[in-house]
1. Does Lys224 satisfy the criteria of being modelled with pLDDT of 85 or more and among the basic types (Lys, Arg)?
2. Are there helices (runs of 4 or more DSSP H) fully within segment 1-99 with at least 3 residues that are of a type in the set (Phe, Trp, Tyr) and out of contact with any Leu (no Cβ under 7 Å at 6 or more places or on another chain)? List them.
3. Got a number for residues in segment 164-182 being of a type in the set (Gly, Ala, Ser), modelled with pLDDT under 85 and assigned to a helix (DSSP H, G or I)?
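The values are calculated or read from the model by the stated rules, or taken from the named source; none is laboratory data. Quantities reported herein were computed from a predicted structural model and do not represent experimental measurements. Cβ sites come from the backbone with ideal geometry, for glycine too, and all protein chains shown count toward neighbours.
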Amino acid sequence: MLSFEWYIYLAVIAVGIVAGFINTLAGSGSLLTLPLLMFLGLPANVANGTNRIAILLQNVVGVSSFRYQKVLNFRQGLILGLPAAFGAIAGAQIAISLNDVFIEKAIGGLLIFMFFLILLKPSVWLKGQEHKITSNSTILNIVIFFVIGIYGGFIQAGVGFFLLAGLVLGAGADLVKANALKVFIILLYTPIALLIFLWNGQVNIQIGLILAVGNMIGAFIGSKVAVSWGPKFVRVILLLAILISSVKLLGVF
């Protein structure tokens, strides 16, 4: 069992708060928590598994808050979330043994493309297209969310961006409703991925729970901000998060 000075635990919680806030409003908070966990001495695969504890509890809080604020469509979340859950099973199995350097570079390139898509077509992300929501059970959406689930089970970092893209461009939700659906979908598949990592001994429960304290606080704040400040503010946070994440994944810093 790892042991640290008390201020290290406070630092872990603080990073968790920031990550939970970013994850709930946009995505890629794991690009903060994964390096932190590895800095604390966890191997990369154990850090990847340990991070799932914080993600799970973070999204329990996020879903509860979005539901209380009446912006979460459970039925739509289940239709899109179940394919993602099946994809996450495959993704977590891949993550147990596969080096993820190549995929990080590919994801970084895709995020750059998404950045300009959001920047140049703001109306789609701000207003939503509610008529599309009635057709969210199409084969295309099922395939899209299955593939996103594979990536989420594999590494998690950045999956929120792709879920938001699928929910906005495919299902027609605005950014606030899409964020509510996003945390619900991640909540559906994260327990599956976490169990696979636990079964393979790639989770440090102690550190995971400490990190989760911060993530839960950040998720609560983020869900409140998303609803009260609206899609325009969420879009700004999303653009910043995507830009920083893509640059990091491409190895610029």
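1. On the way: modelled with pLDDT of 85 or more: yes; among the basic types (Lys, Arg): yes.
Judged against the criteria, Lys224 is a match.
2. Details: elements: 6-25, 30-39, 44-68, 74-95.
Output list reads 6-25.
3. Restricting attention to segment 164-182, the residues satisfying the condition of being of a type in the set (Gly, Ala, Ser) are 165-166, 170-173, 178, 180.
Checking which are modelled with pLDDT under 85 leaves us with 170-173.
When the remaining residues are screened for being assigned to a helix (DSSP H, G or I), the result is 170.
Here the count works out to 1.
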